[in-house]
Each structure stands twice: as C-alpha cells, then as structure tokens.
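Quick notes on the structure that follows.
The values are calculated or read from the model by the stated rules, or taken from the named source; none is laboratory data. Quick caveat, the model's predicted, so the values are computed rather than measured. Don't worry about glycine lacking a Cβ; one is built from the backbone with ideal geometry, like all the others, and counts go over all protein chains shown. Ligands, DNA and RNA are excluded from the accessible area calculation, which covers all protein heavy atoms including side chains. Shrake-Rupley method; radii C 1.70, N 1.55, O 1.52, S 1.80 Å.
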Amino acid sequence: MTTTHDVINPATEELVRTIELTTIEGTDDAIAAAVAAGPAWRAVAPGDRARLLRRFSDLVGEHQEELAQLEVANSGHTIGNARWEAGNVRDVLAYYSAAPERNFGKQIPVPGGIDVTFKEPLGVVGIIVPWNFPMPIAGWGFAPALAAGNTVVLKPAELTPLTAIRLGQLALEAGLAEGVFTVLPGKGSVVGERFVTHPDVRKVCFTGSTSVGQRIMRGAADQVKRITLELGGKSANIVFADADIPKAAAAAPYGVFDNAGQDCCARSRILVQRSAFDEFMEHFETAVHNVVVADPRDEATEMGPLISAGQHETVASYVENSDEDVEVAFRGAAPEGKGFWYPATVVLPRTTRDRVWQEEVFGPVVAVMPFDDEADAIAKANDTAYGLSGSIWTRDLGTGLRVARGVEAGNLSVNSHSSVRYWTPFGGFKQSGIGRELGPDALDAFTDVKNVFISTE
C-alpha cells in the first residue's frame with residue numbers, strides 16, 4: 001500500500017511536498033487519543049474553552065498570509081480567494097468561541113418538581129474534508145464541534161492536506177491539548193472509512209460527492225452513528241425579464257466560475273426568461289471573456305486551474321469528449337502549457353435530460369436554457385436530484401419570494417450569488433445533503449439533549 005502522497009501544484013504541475021499518509025493503525029491510535037482527551041476537554045470551564053478558541057482564531061489571523069500562500073500552491077486557488085478562506089477560518093473560530101458560554105439548555109414546567117435539559121457533547125467527531133475548499137469546510141466542522149466540548153479527528157482530502165496540517169499545528173500552539181484536535185492526512189478508503197466503522201467516533205461530518213455520502217450513510221447505520229452530509233449541487237441561476245439584465249449577466253460568471261467551478265454551490269444552470277434571452281447572452285458573452293484566468297498568485301486573477309489532471313479529464317468529458325452533441329455558445333481564455341487549465345465554457349443543452357444539464361460537472365462549464373414563465377422556471381430549476389443553492393434575479397419582490405419558496409434548495413439568494421455566511425445556516429435539500437452547518441444553532445448538531453427531572457415532593 002502507498003504510504004506517501006506527492007502534493008502537486010495544479011497551476012504548474014510541480015511537486016510541492018510529499019506527505020506521509022496515515023495508516024489504519026495510526027487512525028486507531030489518534031481516535032484512542034481523542035477518546036482519552038475527551039473528559040478533560042469537556043471539563044474545561046466554558047469561559048476557558050472560549051479563550052482557547054479565541055487564541056486559536058487569533059493565531060489563524062496572524063498566519064493568514066502563510067495559510068493563503070500555502071493554499072495557492074496546494075489547491076491553485078487565487079490569492080484573493082485563499083486570503084478570504086483563511087480569514088473565514090479565523091472568523092468562524094471567533095464566532096464559535098462565544099458558544100461555550102451560551103450552550104443553553106431549558107427549564108420546562110412540570111408538576112411535582114423541576115425539569116431541566118443539558119446539551120452534552122457527543123464524544124469524538126470525525127470530519128472528512130473535500131479538496132475544493134480545504135480551509136473553510138474544515139473550520140465549519142471543527143469550530144462548533146470543539147466549542148460544544150467534543151474532540152475532533154479530521155481527514156483532509158488526499159490532494160489538499162497542507163493547510164489542514166498547519167491548522168492542526170496552530171491549534172496546539174494555541175493551547176489545545178494533544179488529542180483534542182488531530183489532523184490525519186490519508187486515503188478516504190483508510191482514514192475516512194475508519195471514522196465510519198470505529199465505534200468510538202460518535203459522529204461523522206462529510207462534504208463531497210453524493211455517491212460517497214450514500215456509502216457513509218449506509219455505513220453509519222450499522223452503529224446508528226450521527227452524520228452531517230453536504231453533498232453535490234446543480235444550482236440554478238434564474239433570470240427574469242424584469243431583472244437588471246446587464247447586472248445579472250455581469251454577475252453570472254462569478255456565480256459559477258469561482259474556484260474554476262469546483263464549488264457545490266456553483267450556479268451551473270442558468271435559466272433566462274425567453275423574452276430576455278438574447279439580451280442576456282450578449283452581455284454574458286462579454287462578461288465571460290472578461291474573467292481573468294491566470295497565475296493564481298497574481299492579485300488580479302479571478303479564476304485558476306482545476307485541481308488535477310483527473311478532474312480536467314472529467315470536466316472535458318462533458319463538452320469536447322461527450323457522447324452527446326454539446327453546442328458550445330462561447331468560451332473564455334485559459335493559459336497554455338503546464339497546469340490543469342480549462343476555459344470558462346458556456347453550452348446550450350438540447351433538453352433537460354442532457355448530462356451537462358443534469359450532472360454536477362464541478363468545473364467551469366455552465367449550461368444556459370430559456371424558460372417561459374414563473375411556473376416553468378420553478379419546474380426546470382427543481383428538475384434535478386440536487387437542491388443546495390441558487391439565485392433569482394428580478395425587480396419584483398413578490399416574484400423573488402414566490403420563486404425562492406418554490407425552488408427546492410437550502411440556500412437561495414435574490415439579486416445576488418452570495419450563499420454562505422458563517423452566522424446563517426448552510427445545507428441542502430434532496431440529494432445535496434442532510435443537516436445544517438454554521439449559524440447560531442450549529443452546536444445542536446454536535447450535542448445530545450439530556451433531560452433531568454428533580455422531584456420537589
């Protein structure tokens with residue numbers, strides 16, 4: 001079995017670092033250490049746990065540029081995005097550092113006594129992080145889990161382990177004890193699978209493909225293990241004829257091509273009301289050509305490369321290597337030479353059954369289709385197994401609200417493509433996942449409610 005992994009810079013194809021992969025024995029040892037560290041971590045006074053998490057947040061902030069540069073080299077993210085991502089980890093830790101002192105139970109009126117509830121930590125939480133947003137998605141899991149009094153074992157994606165490893169080091173530097181937060185780079189089939197099968201891991205948080213999420217759900221059922229799943233997406237960007245069409249078209253590339261389209265929230269299906277279709281496409285073509293695709297270290301770059309040669313091949317299979325006759329409306333630019341570059345590509349599917357319309361491409365490919373009226377827009381938007389995110393562009397508040405209520409998705413924006421705020425809940429409908437991350441109630445997913453009745457008779 002392979003014991004190391006070469007981390008490759010996706011913009012240059014150069015070796016960044018060789019990482020030792022955690023074995024199943026090493027995983028078991030880390031879980032045992034997390035179990036052993038649990039009682040002491042739970043016993044830390046709420047105010048002291050809050051201070052430790054704030055110190056962790058401060059250290060991430062002090063190392064923001066280091067973490068960002070590491071992500072650029074490891075993941076090919078633009079430097080602007082990478083700085084935001086490191087800052088998001090800092091901010092999420094700061095937000096949940098307030099939670100230990102506010103992890104309230106309830107007093108419930110009962111006859112003959114007093115009834116109170118407590119929110120108890122689950123124990124060891126296993127977090128499995130994808131390669132598309134290695135830092136933020138890790139933080140969305142470990143920050144509330146730690147705040148609730150759990151210990152955490154975290155497996156970064158095999159392709160992108162570097163920032164997670166550094167965050168693990170910063171946690172120790174902040175004063176978290178050994179075993180409270182442990183990063184285990186390794187294969188999903190080894191480390192991730194052990195999180196699912198190990199009886200001492202009480203919860204698994206997974207972000208990734210729907211097919212892997214289904215396997216985790218089946219495995220977790222054997223132990224009635226708690227799970228949070230954030231899976232795929234095929235989100236719709238719905239543009240009504242009464243919208244500010246130039247503005248909607250100018251914003252559309254940044255709703256789908258951010259992170260080279262490797263985003264579960266990507267608005268990879270654009271629905272435009274038929275009477276505005278030609279006008280939208282004219283403005284959209286200009287906007288796509290204006291997207292700056294270049295060296296991700298350059299401050300002006302807006303889109304970088306795909307993560308790997310394999311992902312490049314997968315994305316291409318939906319367009320030039322497709323069995324279907326895919327019509328390309330227009331494309332943006334991309335660098336030539338080394339690196340896993342793919343141009344921003346706009347296609348016109350023939351039907352709603354086309355693969356490029358139904359399946360998650362996870363690359364900079366967007367399909368555009370006209371719709372007739374509000375009912376047609378909602379029907380087309382919902383004609384998918386996914387339901388993660390989406391956008392609605394209209395000047396009519398009533399239309400925006402009706403369509404937002406009608407679209408089967410967990411995170412919708414009107415006249416915006418903003419999906420994620422750490423202080424609001426995030427998650428999907430249908431096959432886009434189970435449970436919610438972030439927001440004020442995130443600790444509920446990492447605690448059990450204990451009810452205690454005290455007789456006064």
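In the stretch 358-382, the residues that are at positive phi and modelled with pLDDT of 95 or more form Cβ pairs under 9 Å with partners that are among the polar types (S, T, N, Q) and open to solvent by less than 30 Å² (accessible area, probe 1.4 Å), at six or more places apart or across chains, as follows: 362/132; 362/262; 362/268; 362/311. Each residue in the stretch 260-314 was checked for being of a type in the set (Val, Ile, Thr), within 26 Å of residue 209 (Cα to Cα) and surrounded by fewer than 17 Cβ atoms within 10 Å (Cβ to Cβ), and 1 pass.
Take the conditions (1) farther than 22 Å from residue 194 by Cα; (2) in a helix (DSSP H, G or I); residue 16 misses just one of them, which is (2).
Residues that are in contact (Cβ under 8 Å) with a residue 40 or more places away in the chain, more than 17 Å from residue 302 (Cα to Cα) and in a loop (DSSP other than H, G, I, E, B) within the stretch 312-351 comprise 318, 319, 338, listed in sequence order. Checking the stretch 185-198 against the condition returns a match, with at least one residue being within 26 Å of residue 388 (Cα to Cα), in contact with a helix residue (DSSP H, G or I) (Cβ under 9 Å, 6 or more places away or on another chain) and buried (at least 24 other Cβ atoms within 10 Å of the Cβ).
Return a yes/no flag: does the stretch 239-247 have any residue that is touching a strand residue (DSSP E or B) at 6+ places or on another chain (Cβ under 7 Å), open to solvent by less than 10 Å² (accessible area, probe 1.4 Å) and among the small types (Gly, Ala, Ser). Yes, the conditions are met somewhere in the stretch 239-247.
Figure legend. Inter-residue proximity from the stretch 409-422: first residues more than 16 Å from residue 269 (Cα to Cα) and surrounded by 21 or more Cβ atoms within 10 Å (Cβ to Cβ), second residues modelled with pLDDT of 95 or more and of a type in the set (D, E, K, R), beta-carbon distance below 7 Å, spacing 6+ or different chains. Indicated pairs: 422/91. Being within 20 Å of residue 413 (Cα to Cα) and assigned to a loop (DSSP other than H, G, I, E, B) holds for only one residue in 363, 387, and it is 387.
Residues are listed down the side, and each one gets a yes or a no for (1) open to solvent by less than 10 Å² (accessible area, probe 1.4 Å); (2) under 23 Å from residue 77 (Cβ atoms):
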position	(1), (2)
338	no, yes
345	yes, yes
355	no, no
367	yes, no
373	no, no
383	no, no
387	yes, no
